[in-house]
Amino acid sequence: MTHPAQPKASHFINGEYVEDTAGTPIPVIYAATGEQIATVHAATPAIVEQALSTAKAAQKAWARMTGTERGRILRRAADIMRERNHDLSVLETYDTGKPLQETLVADATSGADALEYFGGLAASLTGEHIPLGEDWVYTKREALGLCVGIGAWNYPTQIACWKGAPALACGNSMVFKPSETTPLCALKVAEILIEAGAPAGVFNVVQGMGEVGGALVTDPRVDKVSLTGSVPTGKKVYAAAAEGMKHVTMELGGKSPLIIFDDADIDNAVGGAINGNFYSSGQVCSNGTRVFVQKGIKEKFLARLAERTGNAILGDPMDEATSFGPMVTENQMNIVLGYIEKGKEEGARLICGGKRADMDGYFIEPTVFADVTDDMTIAREEIFGPVMSVLDFDTEEEVVARANDTEFGLSAGVFTKDFTRAHRVIGNLEAGSCFINSYNDAPVEAPFGGVKASGVGRENSKEAIKHFSQVKSVYVRMGDVEAAF
Ligand code: NAD
């Protein structure tokens, strides 16, 4: 019997499901059991061509609609997503393995927020009037054209919406390629947009590995590429986009610092560290995986952290009581287990977890290492799993310098009751998305993105509009033209 997660076909182009079984089969594995629940096929060159030519053809008419009309469609799509939140959350859980307890509140709902927010902005994307005596200049905010979105595997619905919603609000069309690991959810986003009234071809989904992503990025018809992925992929995609002078948004990896001063509320700080390391089993780009704790409260913090981490409920992700799911794939599990071994070998002190959980699926116990030093592999490299490194520090000056000593700069957080210190420390940290007495909140109203190797551009908020549109300026002369001859 066909599993309910199996999509009707692999791709969604020009308003309908499209199949081409000549493409490499991509198995979809449910991470909680290891069972294959669906198969899709990577896009063949013919499918890539169909998607790009369709999106190119659909864009101009879409951009000519008023912002109010485009916004209404996006907001209707948001409503549909919310009505179907339960089913979409179940699919997200099948796609990623994340527990339903999370997907019910963080995926389709976050996607709907983006559709609603950018739907609301679409009608207000205006230009400026710049008076110059009797002449004037006016500016117009115009669409870029055809955009390509490429997703990572941790938030397949959210990533499709975070890219699709602002792109469409600005009058662009999009071809979106989900991660080959989680190909299911973006198809639902495409389906819902059509149901909400989006013209066929405005938002298309094609499946495939890096090769398909590469074919999309290098196509001369494409005006912009927005990637969510790792730094090495980001470097390749950025370089390929530069060849064609395309706009880019790069949402890449991190090794973010979370700094806890000795005056912090311990339970809130522990809560922040848990949210910043164990949500989605640690598969979150902005995670605060280097937790710097001031020496005076270190043992108290570790004791409370170990106690609360012991309350994590590992189990069937479809059971709403489960609060901690598996790694997305066996491969990712093995990568993370490799880092845990490195941590042990390099002398970090294991506080809790530290091994694969004794159950079906790709579960790793939530793991905390203490006495981690700056040079250890687990403190330097992005692990993308439930492995928290606790480092200790004495002074503010020292911790800021150590926190910044990384190629990454996605996020940073600080817990302290001293508000001047909180703002001073955040001001000195090299990171794009920061938190004071909190961690990992990502409301659509706030800009999201990194500095240094963690990325270029911003998603969400009004900032995203700037990255999916461009300004045309028009000089208007009222009098005669003066010329030298
Ligand atoms: P990845 O870099 O392996 O793949 C990301 C996407 O790029 C996939 O769809 C993949 O098929 C595609 N791709 C790979 N090579 C390509 C190429 N040469 N040209 C075009 N496309 C190509 O990342 P992943 O393993 O799927 O995701 C985990 C990474 O994503 C982590 O580093 C994580 O930090 C990052 N991430 C960042 C954010 C953010 O917003 N900053 C959010 C989620 C994940």
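Could you tell me whether any residue of the stretch 189-206 is assigned to a helix (DSSP H, G or I) and within 7 Å of the ligand (Cβ to nearest atom)?
no
Applying the selection to the stretch 436-453, what residues are in a strand (DSSP E or B) and β-branched (Val, Ile, Thr)?
The one that is in a strand (DSSP E or B) and β-branched (Val, Ile, Thr): Ile436.
In the stretch 170-188, what residues are in a helix (DSSP H, G or I) and either aromatic (Phe, Trp, Tyr) or within 16 Å of the ligand (Cβ to nearest atom) (or both)?
Selection gives Cys185, Ala186, Leu187.
Take Val270 and tell me if it is within 12 Å of the ligand (Cβ to nearest atom), farther than 28 Å from Val18 by Cα and among the hydrophobic types (A, V, I, L, M, F, W, C).
no
Answer yes if at least one residue in the stretch 336-354 is at positive phi, of a type in the set (Gly, Ala, Ser) and without any contact (Cβ under 8 Å) to a residue 24 or more places away in the chain, and no otherwise.
yes
Mind checking whether some residue in the stretch 206-226 is among the hydroxyl-bearing types (Ser, Thr, Tyr), out of contact with any Cys (no Cβ under 9 Å at 6 or more places or on another chain) and on the phi < 0 side of the Ramachandran plot?
Looking through the stretch 206-226, at least one residue is among the hydroxyl-bearing types (Ser, Thr, Tyr), out of contact with any Cys (no Cβ under 9 Å at 6 or more places or on another chain) and on the phi < 0 side of the Ramachandran plot.
Residues of the stretch 453-472 being away from the ligand (no atom under 13 Å from the Cβ) and either of a type in the set (A, V, I, L, M, F, W, C) or farther than 24 Å from Ser173 by Cβ (or both), which ones?
Ile465, Phe468, Val471
Out of curiosity, is Met327 under 23 Å from the mean Cα position of the chain (by Cα), closer than 30 Å to Pro183 by Cβ and part of a loop (DSSP other than H, G, I, E, B)?
Yes.
Give the number of residues within the stretch 441-452 that are within 12 Å of the ligand (Cβ to nearest atom) and crowded, with 21+ Cβ neighbours inside 10 Å.
Number satisfying all stated conditions: 3.
Spot the failing condition for Ile37; the list is (1) closer than 25 Å to Glu320 by Cβ; (2) without any contact (Cβ under 8 Å) to a residue 12 or more places away in the chain, and only one is missed.
Among (1) closer than 25 Å to Glu320 by Cβ; (2) without any contact (Cβ under 8 Å) to a residue 12 or more places away in the chain, Ile37 violates only (2).
Scanning the stretch 326-354 for residues that are over 23 Å from Phe301 (Cβ atoms) and more than 16 Å from the ligand (Cβ to nearest atom), which turns out surrounded by the most Cβ atoms within 10 Å (Cβ to Cβ)?
The extreme case among them is Leu337.
Please go through the stretch 145-169 and give me each residue that is more than 16 Å from the ligand (Cβ to nearest atom) and of a type outside the set (A, V, I, L, M, F, W, C), ordered by number.
Selection gives Gly145 alone.
Within the stretch 235-253, which residues are surrounded by fewer than 22 Cβ atoms within 10 Å (Cβ to Cβ) and either within 7 Å of the ligand (Cβ to nearest atom) or among the β-branched types (Val, Ile, Thr) (or both)?
Residues satisfying the conditions are Lys236, Ala240, Val248.
Step by step: first the residues of the stretch 107-129, then only those that are touching a residue at least 60 places away in the same chain (Cβ under 8 Å), surrounded by fewer than 23 Cβ atoms within 10 Å (Cβ to Cβ) and among the hydrophobic types (A, V, I, L, M, F, W, C), then the one that is farthest from the ligand (Cβ to nearest atom). Which residue is that?
Looking at the filtered set, the residue picked out is Leu125.
Restricting to strands (runs of 3 or more DSSP E) lying wholly in the stretch 362-433: which have 2 or more residues that are within 20 Å of Tyr339 (Cβ to Cβ)?
The qualifying strands (runs of 3 or more DSSP E) are 367-370, 387-393.
Collect the residues in the stretch 28-75 that are part of a strand (DSSP E or B) and either of a type in the set (Asp, Glu) or over 23 Å from the mean Cα position of the chain (by Cα) (or both), keeping them in residue-number order.
Glu35, Gln36, Ile37, Ala38, Thr39, His41
Please give the number of the condition Glu142 fails out of (1) part of a helix (DSSP H, G or I); (2) away from the ligand (no atom under 16 Å from the Cβ).
Checking Glu142 against (1) part of a helix (DSSP H, G or I); (2) away from the ligand (no atom under 16 Å from the Cβ), the one that fails is (1).
Filter the stretch 98-139 for residues that are part of a helix (DSSP H, G or I), among the aromatic types (Phe, Trp, Tyr) and touching a Gly at 6+ places or on another chain (Cβ under 7 Å) and give the result.
none
To keep it simple, each residue is scored yes or no on (1) among the small types (Gly, Ala, Ser); (2) away from the ligand (no atom under 16 Å from the Cβ); (3) surrounded by fewer than 18 Cβ atoms within 10 Å (Cβ to Cβ); (4) without any contact (Cβ under 8 Å) to a residue 12 or more places away in the chain.
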| residue | (1), (2), (3), (4) |
| --- | --- |
| Ala264 | yes, yes, no, no |
| Ile297 | no, yes, no, no |
| Glu320 | no, yes, yes, no |
| Phe324 | no, yes, no, no |
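Of all the residues that make up the stretch 207-225, how many are of a type in the set (Val, Ile, Thr) and more than 12 Å from the ligand (Cβ to nearest atom)?
Total satisfying the criteria: 0.
In the stretch 454-485, which residue that is among the hydroxyl-bearing types (Ser, Thr, Tyr) and part of a helix (DSSP H, G or I) is surrounded by the fewest Cβ atoms within 10 Å (Cβ to Cβ)?
Ser461
Quick check, is Glu211 modelled with pLDDT of 95 or more and either of a type in the set (Ser, Thr, Tyr) or part of a helix (DSSP H, G or I) (or both)?
The answer is yes for Glu211.
Restricting attention to the stretch 145-169, which residues are assigned to a strand (DSSP E or B), of a type outside the set (A, V, I, L, M) and within 28 Å of Tyr279 (Cα to Cα)?
Gly149 - this is the single residue of the stretch 145-169 that is assigned to a strand (DSSP E or B), of a type outside the set (A, V, I, L, M) and within 28 Å of Tyr279 (Cα to Cα).
The values are calculated or read from the model by the stated rules, or taken from the named source; none is laboratory data. Note that the structure is predicted; figures quoted are calculated from it, not measured. Virtual Cβ from ideal backbone geometry, glycine too; neighbours counted across all protein chains shown.
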